[in-house]
Amino acid sequence: MAYWKNQTLRGSELEKIINVTNDLYRKKNLALIQKIPTPIIPTQFDNKQRVITQAYFEQKSTVDFLGAIQGFPICFDAKETKATSLPLANIHKHQIEFMRDFIKQGGVAFLIVYFQKYEKFFLAPFEFIQKYFMAAMSGGRKSIPYKDFQLDYEISLENGQYLHYIKVLQKYIDKMYITQNNS
């Protein structure tokens, strides 16, 4: 069972931006995406502030977000890094397995990655992430360099408030569909 102590959560700013985006998508009837909470068992409380200060994760989480965009089932996770590469230690084996199983059921799986140093956001398709993850499991590089992220899948922060990732996801789906039909 994993352990959590109340600290600044990694990726929480990125998740806030994604939540604002998802709310906008819902209001515009473009998508219905839900943040999936990680179940916890509280062990310590601050009664004055009425907050949980220490807890155990009840189970391993899958991904951060699940939903549907215009009939496509999607799942994705949000990852944020201050480094010049995305550490693969931030992606867990059970998340890779969940995304793989999700794709087998006809869904689309990806990560939204934020490089703080470059102030850039990317959609990273599951196949891209899995390639690096499997190489790392075989003794290869333990991170994905910034330069390897595809500029075609860069997501812009619009109005300084939301990530219009549906535009980039559409590019990926179109490319996937064309590739499948040419096989």
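The values are calculated or read from the model by the stated rules, or taken from the named source; none is laboratory data. Quick caveat, the model's predicted, so the values are computed rather than measured. No Cβ is skipped: glycine too gets one built from the backbone with ideal geometry, and neighbour counts run over all protein chains shown. Side chains included, ligands, DNA and RNA excluded: accessible areas come from the protein's heavy atoms. Shrake-Rupley method; radii C 1.70, N 1.55, O 1.52, S 1.80 Å.
The figures follow:
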{"item": "Where a residue in the range 147-159 is polar (S, T, N, Q) and its partner, wherever it lies, is not in a helix (DSSP H, G or I), with Cβ under 7 Å and at least six apart", "result": "S156/H164"}
{"item": "One residue from K171, K175, K104 being modelled with pLDDT of 95 or more and either surrounded by fewer than 17 Cβ atoms within 10 Å (Cβ to Cβ) or closer than 23 Å to E80 by Cβ (or both)", "result": "K104"}
{"item": "Odd one out for F122 among (1) hydrophobic (A, V, I, L, M, F, W, C); (2) at pLDDT 95 or above; (3) out of contact with any helix residue (DSSP H, G or I) (no Cβ under 9 Å at 6 or more places or on another chain)", "result": "(3)"}
{"item": "F72, sole failed condition from (1) over 21 Å from K167 (Cβ atoms); (2) touching a residue at least 40 places away in the same chain (Cβ under 8 Å); (3) out of contact with any Asp or Glu (no Cβ under 9 Å at 6 or more places or on another chain)", "result": "(1)"}
{"item": "Strands (runs of 3 or more DSSP E) wholly inside the range 105-183 containing at least 2 residues that are touching a Lys or Arg at 6+ places or on another chain (Cβ under 8 Å) and closer than 19 Å to V63 by Cα", "result": "108-115"}
{"item": "Selection within the range 137-148 - touching a strand residue (DSSP E or B) at 6+ places or on another chain (Cβ under 8 Å) and open to solvent by 10 Å² or more (accessible area, probe 1.4 Å)", "result": "K142, S143, P145, Y146"}
{"item": "Number of positions in the range 27-62 that are assigned to a strand (DSSP E or B) and either at pLDDT 85 or above or among the small types (G, A, S) (or both)", "result": "6"}
